[in-house]
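The values are calculated or read from the model by the stated rules, or taken from the named source; none is laboratory data. Since the structure is predicted, the reported quantities are computational estimates derived from the model, not experimental observations. Neighbour counts run over all protein chains shown; Cβ positions are idealised from the backbone, glycine included.
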């Protein structure tokens, strides 16, 4: 995230000061309402003609394992990130994610991002389109998946779904009014290397990002390990069985850019994660990210809720005259 | 400020349209292509592709009295959507309560569940712990007994 110079901040502060507080609050509520209404609309749309699928989701919020969405299934997800901000206002960033299994080897996703910076405003910050391709047909010791994403987001985006280059806490300190004027059009590539052994999943995701403008390549990483609390399933359908809980830890951070690589001037996080997979198809995830150096946000608390709908592809096929 | 919001709109519309087109194109194509019995037989032939060493693996849950019920629960959660709730009713994928499956070595069934048949639409299921995959195998082999209870 590009930093904002002091003079720009001054101008922004003056600009925001001119907006009456009540108007800012109203804008904030309108933003929340729109995001909530959009989420309800999506849930409503996909509920019609589709059944629920029970998922065994990974607990990771930033890292990816090699498991893709089942073909024809649509997972609707909502995630929140609450972040502390030294020298600025804390924020609550959120995104809605639609994840569709096109093939057993191809998953596609769209994201819509937004954020509320406290004592500032609520804004929409952009969208992302992500694709993941499984490279090998069968399971191996290490399973590679190629990931490519196009992002069109403003500089005010704070979901921190990945950290790369020299992304640091101070880059999120600008007021929304000024930060949203800068836009990023980025292509992001990842190689998801994941392995499953004796119930554990280990994953490492090297990241390379290129802004479509002349900015240099930026690098980052995410990695994680997770395991269900119980490996054997119980004979009865239950919500609180140990097998429904997956716990783990993920770590992510920047690795500099092509001109200045390394860990200096980067932010690094470690986050314990837990997922609760309910037999009804709902999954809840919680993670508390802790910044490992002074360039990192002290705390990033994340939580998310998702629901998987099966037979979405078939339902759409029927709508357009396909045979069921 | 308002201008910045509107500058996103064409791009969002493009992304959403592309997403829907991808979804439509591939769902429509699949909807008409599931009935050929030759294709069904070739699905079952995947079982024979399991390496001999894996096929020879013993199912440690074979004598576990709870395993068929646990396997049935897992089957209904993860497999029934495609293979049908009873295992006999064909849906997106072939039914699993047929002779080809019943007579297959447990290790070979475990291998197919683990690796999927990615090219033909069955995802890998190694995300289920090994014990749960064996519980599903136990259910598949003993399903008629479970169904009769």
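For (1) in contact with a strand residue (DSSP E or B) (Cβ under 7 Å, 6 or more places away or on another chain); (2) surrounded by fewer than 16 Cβ atoms within 10 Å (Cβ to Cβ); (3) touching a residue at least 12 places away in the same chain (Cβ under 8 Å); (4) under 26 Å from residue A:264 (Cα atoms), each residue gets a yes or a no:
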{"site": "A:184", "(1), (2), (3), (4)": "yes, no, yes, yes"}
{"site": "A:200", "(1), (2), (3), (4)": "yes, yes, yes, no"}
{"site": "A:206", "(1), (2), (3), (4)": "yes, yes, yes, yes"}
{"site": "A:211", "(1), (2), (3), (4)": "yes, no, yes, yes"}
{"site": "A:216", "(1), (2), (3), (4)": "yes, yes, yes, yes"}
{"site": "A:219", "(1), (2), (3), (4)": "yes, no, yes, yes"}
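With the condition kept exactly as written, say whether any residue in the range A:243-266 is within 14 Å of chain B (Cβ to nearest Cβ) and surrounded by fewer than 18 Cβ atoms within 10 Å (Cβ to Cβ). Taking every residue of the range A:243-266 in turn, at least one turns out to be within 14 Å of chain B (Cβ to nearest Cβ) and surrounded by fewer than 18 Cβ atoms within 10 Å (Cβ to Cβ).
Kindly evaluate residue A:117 against the criterion of being touching a helix residue (DSSP H, G or I) at 6+ places or on another chain (Cβ under 6 Å) and touching a residue at least 24 places away in the same chain (Cβ under 8 Å). Give the steps one after another, and end with the answer.
Values: touching a helix residue (DSSP H, G or I) at 6+ places or on another chain (Cβ under 6 Å): yes; touching a residue at least 24 places away in the same chain (Cβ under 8 Å): yes.
Against the criterion (touching a helix residue (DSSP H, G or I) at 6+ places or on another chain (Cβ under 6 Å) and touching a residue at least 24 places away in the same chain (Cβ under 8 Å)), residue A:117 qualifies.
Scan the range A:269-288 residue by residue and report those that are without any contact (Cβ under 8 Å) to a residue 60 or more places away in the chain and more than 29 Å from residue A:53 (Cβ to Cβ). Of everything in the range A:269-288, just one residue is without any contact (Cβ under 8 Å) to a residue 60 or more places away in the chain and more than 29 Å from residue A:53 (Cβ to Cβ), namely A:270. Restricting attention to the range A:76-110, the residues that are within 14 Å of chain B (Cβ to nearest Cβ), in contact with a helix residue (DSSP H, G or I) (Cβ under 9 Å, 6 or more places away or on another chain) and assigned to a strand (DSSP E or B) add up to 11.
One residue alone among A:104, A:53 is without any contact (Cβ under 8 Å) to a residue 40 or more places away in the chain and buried (at least 21 other Cβ atoms within 10 Å of the Cβ), and that residue is A:104.
The set of residues in the range A:268-301 being within 15 Å of residue A:161 (Cα to Cα) and over 17 Å from the mean Cα position of the chain (by Cα) consists of A:291, A:296. When residue A:158 is tested against (1) in contact (Cβ under 8 Å) with a residue 24 or more places away in the chain; (2) more than 10 Å from every other protein chain (Cβ to nearest Cβ); (3) surrounded by fewer than 22 Cβ atoms within 10 Å (Cβ to Cβ), just one condition goes unmet, and that condition is (3).
Matching residues to (1) within 19 Å of the chain's Cα centre (by Cα); (2) modelled with pLDDT of 90 or more; (3) within 19 Å of residue B:130 (Cβ to Cβ):
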{"site": "B:20", "(1), (2), (3)": "no, no, no"}
{"site": "B:35", "(1), (2), (3)": "yes, no, no"}
{"site": "B:45", "(1), (2), (3)": "yes, no, no"}
{"site": "B:52", "(1), (2), (3)": "no, yes, no"}
{"site": "B:66", "(1), (2), (3)": "no, yes, yes"}
{"site": "B:72", "(1), (2), (3)": "yes, yes, yes"}
{"site": "B:76", "(1), (2), (3)": "yes, yes, no"}
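Listed here are the residues, each with its yes/no results for (1) within 10 Å of chain B (Cβ to nearest Cβ); (2) surrounded by fewer than 20 Cβ atoms within 10 Å (Cβ to Cβ); (3) outside any strand (DSSP E or B).
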site	(1), (2), (3)
A:112	yes, no, no
A:119	no, yes, yes
A:123	yes, no, no
A:126	yes, no, no
A:138	yes, yes, yes
A:147	no, yes, no
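So which residues in the range B:110-128 are part of a loop (DSSP other than H, G, I, E, B) and in contact with a helix residue (DSSP H, G or I) (Cβ under 8 Å, 6 or more places away or on another chain), if there are any at all? Show your work before the answer.
Filtering the range B:110-128 down to residues part of a loop (DSSP other than H, G, I, E, B) leaves B:116, B:121, B:123-128.
Within the range B:110-128, B:121, B:124, B:125, B:126, B:128 meet the criteria.
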